[in-house]
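To keep things clear, I will list the structure first and then write my remarks on it.
Taken together, the values in this text are just the output of simple stated rules run on the coordinates, not laboratory data. It should be emphasised that the depicted structure is a prediction, and the values quoted were computed from it without experimental measurement. Neighbour counts are summed over all protein chains in view; Cβ atoms, including those assigned to glycine, are modelled from backbone coordinates with ideal geometry.
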Amino acid sequence: MNNFSKSACMLLLAAGIVSCNNDFQEIESVAKVKTVFQSGFESQTFQNSIAKTQLGADGHTIYFSGDESIQVLSSKSESPCIFLNTSGKVSTSCDFIGEIEEADQYYAAYPSSSVKAWNGQSVTMQLIGSQSAVQGGFDPNAHLYVAKTGGDQKYFQFKNVCAYLKITTTQNLRSLTFSAESGKKLVGEVKVDTGDPTVIDLQGQGSNVVSLLPFGSDFIAPGTYYLSVLPCTLSSLTVTAVGENSKSVSKTCVAQILFERAKIANFGTVTFNFEETAQEEEVDYKNGEWFDGTITTYNKSGDYPWPISQYCGIESGYYKCAPAYSEPAIGNFLFGTCYEIQYGDKTIKVIADDICPDVNTTFIDLEADGFTALTGLTTGNPAVKIREIPYITNENLKLVVKPGSNPYFLGCWVFNGRYPVSNIEISWDGGKSYRSMRADNQHNEFWEFQTVGGVLFEGDVTFRITDKYGHQVIGVVSNFTEGSVNDLGANFEY
């Protein structure tokens, strides 16, 4: 990891100078005010203001391109003013000129186009996720700086908020996309203290994905590029490249990756093989035996939500259904169990996302679109062949806390299972000992546990999930809020 070298760019709030020396780490700026400060003046809308700071050929020096703007807020106002550099010259120094009332403190954010809101000396800024590829540099609209100054000093010492990712490519690409693990935030909203950019709040909207896209051409040419990201620590990072032939290839770095403010994390030089066709791994899917049954169709009334659709979503290619839970061939299904249904020479795949009334025949209620796709009919009760099949997904198991749960009682679903869940166990001592949950005694719709011995569903609780074939997944849950969706970090093997 390379550090940005020190720079000094000072901005005086008069008709002054902003100078940038050989420093990518701390940009300091000074500008002199030519006129008396006047309250509330704003010369441009935020959308029209732009910033085009450039990275020099040495990879460290910052250059201003002559048409950037900053937002300045005084301690006496809630509305910022725009200060402009209109020199039109690429230089390490520039003038930022504007009008604002006299005050004891001034706060600044750069570029002005990134600002979402001000709250005193704190500013909420937006780091964009789709960044333009600028060879040897970074997207001029994808970097964030803040500064604070006393009214008697009349200068700003701008400081970086972002970290930087450096990558060197050896071929033409249509795009480069970096993906962090779930729950991390690479881009999006960040609330920053203008007096100390290490004090940041990442609670706003954001994404764990940042992309590099061509700028002024169809491809990203071979060369070195920088992406701006928010400071964070990752355990893995995946880069996906799309080549000239529109094929995509991914590479994953599994290691601790530290994105530090004002420093560069170097991903290195990468070459992608877009000609190699991935061989599909042969998987021994465990399918059940075919048995005879019937199907019918119904329209969802809306009084009981589709729980998997509501909380996790369903992979494409599966229709929703409601099996008869009392029939032994189908019983103990639990939500998420999948079936293949054959009618004549056609088959469809369905997933149990509802329950069916107690009946004495082997049948499955299909949502209308699935029934018609299989049979070509809109009503009826045709005979079919049915067998249980795995759920084909690359997603992890998700434990959903059922509404009505509390610290003393947990009702939950486990969704996305490749095979049906047969047992759920809970541990309050990090996996040293487990207690079994039980399926609810009506129709095994969900799992439940009433606490005993003073333990509560709070903090970190370990869950061991077992499928009907003995595969196990162990994960930790710490959010027991009603309706919360907890990623267990893995899924059953096929």
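What the table below lists for this structure:
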| item | result |
| --- | --- |
| Violating pairs (Cα-Cα greater than 27 angstrom) within the set 76/159; 191/402; 247/286; 76/116 | 191/402; 247/286 |
| Convex hull volume of the range 348-494 per residue (C-alpha atoms, cubic angstrom) | 135 |
| Built amide H within the under 5 Å cut-off of residue 117, gap 5+ | 124 |
| Under the Karplus curve 6.51 cos²θ - 1.76 cosθ + 1.60, θ = phi - 60°, whole-Hz ³J(HN,Hα) for the range 229-240, x wherever Gly or Pro sits | 9, 7, x, 5, 10, 10, 9, 7, 8, 10, 10, 10 |
| Burial ordering of 318, 419, 298, fewest other beta-carbon atoms within 10 Å first | 298, 318, 419 |
| Where chymotrypsin sites (Phe, Trp or Tyr not before Pro) fall in DSSP loop in the range 445-485, at most 14 other Cβ within 10 Å | 469 |
| Fewest-first ranking of 290, 428, using other Cβ atoms within 10 Å as the exposure measure | 290, 428 |
| Sequence of 316, 74, 246 once ranked by neighbouring C-beta atoms within 10 Å, starting from the fewest | 316, 246, 74 |
